[in-house]
Amino acid sequence: MATRPLPREPRGDQKKTKIVERRKAEDWTKPQAMAIPKGGYFADKIEQGRYGPIFPQTPACYGFSVVAKVIPGREEHLYNHAKVIEKAIADDPTTLAILKAHYLRWVIFSIKGESYMMYQGIFDTDFDKYCEDASFLFGKTGIISAFEALEWWPADYATNPSSIVKFFREHHFPSFLEYSEHPYVSCEQVRKALTLKASFSSMLDQMQEE
Amino acid sequence: MLVESPVLELDDIQHFLISRPPARTARYEFLTFRQPDGGRKWLSGMLDKVGIAKEVGSNEPDSRWVTIAFTWNGLRALGVNEASLATFPEEFRQGMAARAEILGTTGANHPDHWVGGLVSPHLHAIVVLFARDITERERCRIEHQQYLSRCPGAEILSSLDLEAIPPFSYAHEHFGYRDRLSQLTIEGTGDQPTPGSGPAIKPGEFFIGYPDESGSQPISPQPEVLSRNGSYLAYLRLEEHVGAFRDFLKEQGRTPEEQELIAAKLMGRWRSGAPLTLAPQKDDPVLGADLQRTNDFNYGTMDPYGYGCPVGAHIRRMNPRDTAVNMQRRKMVRRGGTYGPPLPENAPEDGIERGIAAFVGCASLIRQFEFAMNVWANDPTFHELGNERDPFIGTHDGSYDMTIRKRPVRRKIRGLSAFTTVRGGAYFFLPGIKALRYLATLADQG
């Protein structure tokens, strides 16, 4: 396999792991950076998910950076599927609502003549919590079909959501530093703020007509 | 591979998840098998007493209904070999106690505080007895005690007696909420979904060996004779702090009417069963009792902001209906009842344990039960709430809130206290009838 070794899952007595403390009210006006230990976890604040420990939330929300080698000759398949996904989202903009995704990016790059794909997502919900729903929706949009062009993609993905989670975990490269200009702000908060702004604008327009 | 839905083999499925017998009492006995042959001998003698789905509800006037299920350690104790044991899902192999952090059963709910030996690796089986009345339950208890004494090494670790609480005209729990309102329908049972309950669900969501809602048939534990027509059960013994709950309502509501409204906001239904989405201002007991109407609502269009039923209310978390995706893959069958004496109205907390001892039945503990506990019950950010958990089955330490949306300004109850405590739990495998026979006749692998 061409990608790096897996991020190690932390070991140790489960009873000793602490429940992740809830964040206090965050100040979104104060930019924050967070340095993340090697391996992607804070040893003293590991949250156990149903499919294993959950990568921590940072000021830049939850996310993943999945890198996998493209099966030789399948690169064109990925470009074709970009159109499929574009149409799926155009037809139903709420299709990926479960992820609460800020951004999803697909990048193809080459190392020594071999193609790789990076799939990077920044979202508000941790992937493990909603993995089955996410995999179901990925299947609906064609995102999973795109993954069929990647090496080590599990053959039983349609019937075994845990195999998808395993693939994502094994090909995820955790950040060692994350930054946000507006820390911990969620998609929903952005949407509500813009809705409110539009409402105020509308109100001011209405006032002009008095 | 897409496969057609086969006929449900009701003659090979235990009755437990198919029908609710008309029982007013129950007894759960948690067993251990010190010797494999003693366990198998016990099982052999119980085979003809186990309720079969096809027979329960027929013309025969039953007065007791028996169900048998095993932990992963119990399957091993009966002699199931290691190769077969390894084919069972990881979460079942680990058992409920080991999954405590995932389930959110932490703090006072942690397995360190559980009773009845349910955390012990020596917990091997459960016998669930539903009986028409206490006399019949006692007769069965004595008969079973005598039978166990003839099975070497088969012993009772602990037991729990359950009784319906008055008034007996409708099922309800100690807080006073009408129960058994969820109307889930499984394809192949012949039942028709009630309005608003969603379409019938593929049998593979509840029974192993059938196609599920993905359209394909999941991989089964081996051998097939052991897993086919089986299900998984998640058992929870949930103590209800009735005195604390009533005190809370009195603190939060100035009048009995206000207190009833707050009780309804926490649940999402009035105690009569009437859903707030259909009866937002005033209770409607006739609606609550009418199974053709009491589930006939959605949230997405009828109550999107939760002005009727709060977004964090128990029934909205446990069944978000049209405001969540993939709902057909999250449904579970619930069974169980109340234990402990009712606390009389206006009586102070008496320190006696009372609550619900219930089972959730499904084909995938991780996808169905654990998802519900991990996300719906205990995720503080559920539907953007921020700092809330299910008011009844979420784990509370006084630091979570409950938001009651209303115009012009919402009401936020800060520092919700725990109205329940998990006192025990376990994962069981509920085998089919042929599988029970297979287990009873297993050669000792030792």
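Could you pull out every residue, at least 5 positions away or on a different chain, whose amide H is within less than 5 Å of the one on A:G63? Hs are placed 1.01 Å off N in the peptide plane, and Pro or chain starts have none.
A:F123
Charges at C-beta only: +1 for Lys and Arg, -1 for Asp and Glu. How large is the resulting dipole of the range B:140-206 about its Cα centre, in Debye rounded to 20?
In total the dipole reaches around 40 debye.
Taking 7 Å along the Cα-to-C-beta vector as the label spot, tell me the B:E143-A:K140 distance in nanometres, rounded to one decimal.
Between B:E143 and A:K140, the label points sit 5.1 nm apart.
Mind checking the mean number of beta-carbon atoms from other chains within 10 Å of the Cβ atoms in A:48-55?
If you average over the peptide's residues, the count of other-chain Cβ atoms is 4.
Under the definition of partner shielding as Cβ atoms of other protein chains within 10 Å of a residue Cβ, what is the mean value for peptide B:365-377?
Partner-chain Cβ atoms within 10 Å, mean over residues of B:365-377: 3.
Grab the other residues whose beta carbon is less than 11 angstrom from that of B:I393, score K and R as +1, D and E as -1, and report the net.
In short, 0.
What relative contact order, as a whole-number percentage, does chain B give when Cα pairs under 8 Å and 6 or more residues apart are counted?
Computed over chain B, the figure is 24 percent.
Rounded, prolate or oblate: which fits chain A, taking a ≥ b ≥ c as square roots of the Cα gyration tensor eigenvalues, rounded meaning a/c under 1.5, else prolate when a/b beats b/c?
Cα axes put chain A in the oblate bin.
Let's see if you can work this out: charge +1 on each Lys and Arg Cβ, -1 on each Asp and Glu Cβ, no other charges. What is the dipole magnitude of the range A:34-181 about its Cα centre, in debye to the nearest 20?
200
Under the Karplus relation 6.51 cos²θ - 1.76 cosθ + 1.60, θ = phi - 60°, what is the ordered set of whole-Hz ³J(HN,Hα) values for the range B:151-156, x standing for Gly and Pro?
After applying 6.51 cos²θ - 1.76 cosθ + 1.60, I find 10, x, x, 8, 9, 8 Hz.
B:I404's amide H: which non-local residues (gap 5+, or another chain) put their own amide H closer than 5 Å, with H modeled 1.01 Å from N in plane and none for Pro or chain starts?
When sequence neighbours closer than 5 places are left aside, the close amide H contacts are B:R411, B:K412, B:I413.
Where does each of A:F42, B:F206 land when they are ranked from fewest to most other beta-carbon atoms within 10 angstrom?
A:F42, B:F206
Against the longest principal axis of chain B, how steep is helix B:36-46, in degrees 0 to 90 to the nearest 10, with axes from Cα atoms?
On a 0 to 90 degree scale, this one is about 70.
Under 5 Å between amide hydrogens, which residues at least 5 positions from A:G49 or on another chain qualify, with H placed 1.01 Å from N in the peptide plane?
Correct list: A:I54.
Using a/c under 1.5 as the rounded threshold, could you call the protein assembly as shown rounded, prolate or oblate? The axes a ≥ b ≥ c are square roots of the C-alpha gyration tensor eigenvalues, and prolate needs a/b larger than b/c, oblate otherwise.
Cα axes put the protein assembly as shown in the oblate bin.
Loop only by DSSP, 11 or fewer other Cβ within 10 Å of the Cβ. Give me the GluC sites (Glu not before Pro) in the range B:265-368 that pass, ordered by residue number.
Sparse-neighbourhood loop GluC sites (Glu not before Pro): B:E345.
Between helix B:134-148 and chain B, what is the angle of the helix's C-alpha long axis to the longest principal axis, kept within 0 to 90° and rounded to the nearest 10?
The two axes meet at around 40 degrees.
Here are some pairs, A:K129/B:K406; B:K265/B:K331; A:K100/A:K129; A:K87/A:K192; B:K250/B:K412; B:K202/B:K331; which of them have Cα atoms lying more than 21 Å apart in this structure?
Violating the 21 Å limit, Cα to Cα: A:K129/B:K406; B:K265/B:K331; A:K87/A:K192.
Per Stokes-Einstein, at 25 °C and 0.890 mPa s, what whole-number D in µm² s⁻¹ belongs to chain B, with the Kirkwood radius over Cα pairs as the hydrodynamic radius?
109
If contacts are Cα pairs under 8 angstrom and at least 6 residues apart, what is the relative contact order of the range A:34-181 in percent?
36
When the dipole is taken about the Cα centre of the protein assembly as shown, and only Lys, Arg (+1) and Asp, Glu (-1) are charged at their Cβ, what size is it in debye, to the nearest 20?
Dipole of the protein assembly as shown, to the nearest 20 debye: 740 debye.
When a/c is below 1.5 the answer is rounded, else prolate if a/b is larger than b/c, else oblate, so apply that to the range B:288-374 with a ≥ b ≥ c taken from the square roots of the Cα gyration tensor eigenvalues.
Taking the square roots of the gyration eigenvalues as a ≥ b ≥ c, the range B:288-374 is oblate.
How would you rank A:M34, B:M332, going from fewest to most other Cβ atoms within 10 Å of each one's own Cβ?
Lowest to highest Cβ neighbour count: A:M34, B:M332.
By how many degrees, 0 to 90 and rounded to 10, does the Cα axis of helix B:256-267 deviate from the longest principal axis of chain B?
50
Please list, in order along the range A:85-96, the HN-Hα scalar couplings obtained from phi with the Karplus expression 6.51 cos²θ - 1.76 cosθ + 1.60 (θ = phi - 60°), rounded to whole Hz, x for Gly and Pro.
Those phi angles translate into 5, 4, 5, 4, 6, 5, 5, 9, x, 8, 3, 9 Hz.
Mean separation of Cα pairs under 8 Å and 6+ residues apart, divided by the residue count of the range B:353-401: what relative contact order is that in percent?
Rounded, it is 22 percent for the range B:353-401.
Test of understanding: ordering A:W153, B:W72 by Cβ neighbours within 10 Å, fewest first, what list do you get?
A:W153, B:W72
For B:I18, what charge total do you get from the other residues with a beta carbon under 10 Å from its beta carbon, if Lys and Arg give +1 and Asp and Glu give -1?
Neighbour charge sum, excluding B:I18 itself: +1.
Would you mind pulling out the separation of the Cα centroids of the range A:120-153 and the range B:34-83, in Å?
A separation of 41 Å, based on Cα centres.
Mind listing the phi-derived Karplus ³J(HN,Hα) values for the range B:213-225, rounded to whole Hz, using 6.51, -1.76 and 1.60 with θ = phi - 60°, and x for any glycine or proline?
5, 6, x, 10, 9, x, 5, 9, x, 10, x, 4, 4
Add -39500 (n - 2.57) for each DSSP H run of 4 or more in chain B, then divide by its residues: what number comes out at 222 nm, to the nearest 500 deg cm²/dmol?
Rounded to the nearest 500, it is -5500 deg cm²/dmol.
Read-outs: derived from the displayed coordinates by stated rules, not from any lab. Quantities reported herein were computed from a predicted structural model and do not represent experimental measurements. Positions of Cβ are generated from backbone atoms using ideal geometry, with glycine treated the same way; all protein chains shown enter the neighbour counts.
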